[in-house]
Amino acid sequence: MRDAGTTPSWRERALVPVLLSVGMLVAVVSSLGAPLIPTIARVDHVSLDVAQWSLTVTMLVGAVVTPLMGRLGDGPQRRRVILGGLALTLAGSLLAALPTGFTGLVVGRAFQGVGIALTPLAMATARDALPPERARHAVATLSLTSAAGVGLGYPLTGILAQYLGLHAGFWFAALAAALALAALAVVLPPSPQRPKHPLDVLGAVLLAAGLAGLLYATTVGGRWGWASGRLLGLVAVSVLLLVWWMVHELRTDHPLVDMRLVRDRSVLASDLTALLSGVGMYVMLSLVPQYIQTPESAGYGFGASVVVAGLILTPFSVASMVSGRLVRLVSRTVPPGRLLPLGCLVCLCGTALFTCVRGGLWEAFVAMGLIGLGAGVTMSVMPALIVGAVPAHETSSAMSFNQVVKYIGYSGGSAFSAAVLAAHPGAQGLPAEHGYRVAGLAGCAVWVLTALTGYLLVRNRRPAAPSRKVSESHEPAPGDGARRVIATGTADTEAQR
């Protein structure tokens, strides 16, 4: 890390903008197909729940690959891992852009999911390569790019698809990935000189198999029957695989994810709320664009274009960025135990508004603005709780696992919303309006559970074993570290090092 008193080189000055562009690209790519799901279903002659896999598969691959790349990126291979991950994202964008049919699109979207793992690595790079004051602001901004990117990706996808065709958005992603790869190759600093550990291949296989089984069960539940023997058997096998994975992670010397870190209540609260809030967010991010694109002849919907469907997420993006800034201002006086459930309750209000009142487009815009406002609060607090509770050398692993459970929630919410709509068929091969109400009520229940989880775990948190050397004369009170992290963007870098 460069000393704070020396003049930064041009590469160091360019590093933060390039890392932010990569973070924004990853967020855009992860949401690129959402407004196109009705169009994909129509063009490729598949059902809506099958077309939903063009979004779900990206989240699933991201959830599996993130801990793998996080572990590899902790050591001397970080530069190679980052550039390789971005190259695979570029390859996936090119494959999705080509007219290869639905199978080629899904495979391309799977490769794009590798890019999701780049955001935690970008945070780790900023912390290692920049002086404390610049690292704080860089990490804080990177933590909000996921929300901003979703808000940018949806309208961008809509505009490109409306005027240039279904695959234009993927061509744009390929161009952006190529430019980012070239820029990173120039400004990315050398990898940190840390010990190289063996890769936990068994852990990766167990995690991938367990998650894929659960998500597939959610998708086919409506067709197989939710009480059918083969569905229950698939769920049981998937759960057993995930339990095996957790036991394996606790016993192996070099785990994919250090599950022992989850014993800290702040980390546990962050991970559980990331999982649940991911479900709640993507239920709405999937439902709202589909609803407003439904032709009025179905008895509901607004027959909106794909451009309008994309623009519906702009309030989400703007509100999440604004609320993230507000959290940094109020965090010195308001403890995380209140901020985390407060954000969930705001999201609950937005979800309830769409569920109960859908008479006009403006109500959908307001609902997405409220959800973005609450999501910005929760996404600002969760990383701060983790960074304030774990040792510096485990930050990348802990943040990667938080990213994993968040994208598990995203993919689960995406698959769940498709399953609910498929279980409520209506006229013209479209879902019945009642299906949207059922999915919305389920989303409300998720937000209530998320708020209770965050409130109880953070409020009743006991002091964990110190993860850093702490002066005997000043033992920090529970929540002090997280409050300081929220206010500055990350933990005190010098103390961590």
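The values are calculated or read from the model by the stated rules, or taken from the named source; none is laboratory data. All values reported here derive from a predicted model rather than from experimental measurement. Backbone-built Cβ (ideal geometry, glycine too); neighbour counts: all protein chains shown. All accessible areas refer to the heavy atoms of the entire protein, side chains included, with ligands and DNA or RNA removed. Shrake-Rupley method; radii C 1.70, N 1.55, O 1.52, S 1.80 Å.
Okay, here's what the table says:
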| read-out | value |
| --- | --- |
| Residue in region 46-65 that is over 22 Å from LEU215 (Cα atoms), in contact (Cβ under 8 Å) with a residue 24 or more places away in the chain and either touching a Leu at 6+ places or on another chain (Cβ under 8 Å) or of a type outside the set (Gly, Ala, Ser) (or both) present | no |
| ARG328 being surrounded by fewer than 24 Cβ atoms within 10 Å (Cβ to Cβ) and over 27 Å from VAL26 (Cα atoms) | no |
| Verdict on VAL247 being of a type in the set (Val, Ile, Thr), assigned to a helix (DSSP H, G or I) and free of Cβ contacts under 8 Å to residues at least 40 places away in the same chain | yes |
| Answer from ALA398, ALA392, ALA384 - the residue that is under 30 Å from PRO192 (Cα atoms), at pLDDT below 80, surrounded by fewer than 23 Cβ atoms within 10 Å (Cβ to Cβ) and hydrophobic (A, V, I, L, M, F, W, C) | ALA392 |
| Long-range neighbours under 7 Å by Cβ, at least six apart or interchain, first residue more than 16 Å from LEU441 (Cβ to Cβ) within region 260-288, second basic (Lys, Arg) and at pLDDT below 80 | ARG265/ARG461; ARG265/ARG462; SER266/ARG461 |
| Total residues in region 347-372, condition outside any loop (DSSP other than H, G, I, E, B) and surrounded by fewer than 24 Cβ atoms within 10 Å (Cβ to Cβ) | 13 |
| Criterion (without any contact (Cβ under 8 Å) to a residue 40 or more places away in the chain and assigned to a helix (DSSP H, G or I)) met by exactly one of LEU94, LEU88 | LEU88 |
| Check on ALA209, open to solvent by less than 90 Å² (accessible area, probe 1.4 Å), over 25 Å from GLN52 (Cα atoms) and either modelled with pLDDT under 90 or aliphatic (A, V, I, L, M) (or both) | no |
| Residue that is farthest from GLN193 (Cα to Cα) [pool: residues in region 40-73 that are at pLDDT 80 or above and charged (D, E, K, R)] | ARG42 |
| Matching entry among THR141, THR100 (being of a type in the set (Val, Ile, Thr) and touching a residue at least 24 places away in the same chain (Cβ under 8 Å)) | THR141 |
| Test result for ALA298, open to solvent by less than 20 Å² (accessible area, probe 1.4 Å) and either of a type in the set (Ser, Thr, Tyr) or touching a residue at least 40 places away in the same chain (Cβ under 8 Å) (or both) | no |
| Criterion (over 23 Å from TYR216 (Cα atoms), touching a helix residue (DSSP H, G or I) at 6+ places or on another chain (Cβ under 8 Å) and either among the small types (Gly, Ala, Ser) or open to solvent by less than 20 Å² (accessible area, probe 1.4 Å) (or both)) met by exactly one of ALA96, ALA91 | ALA91 |
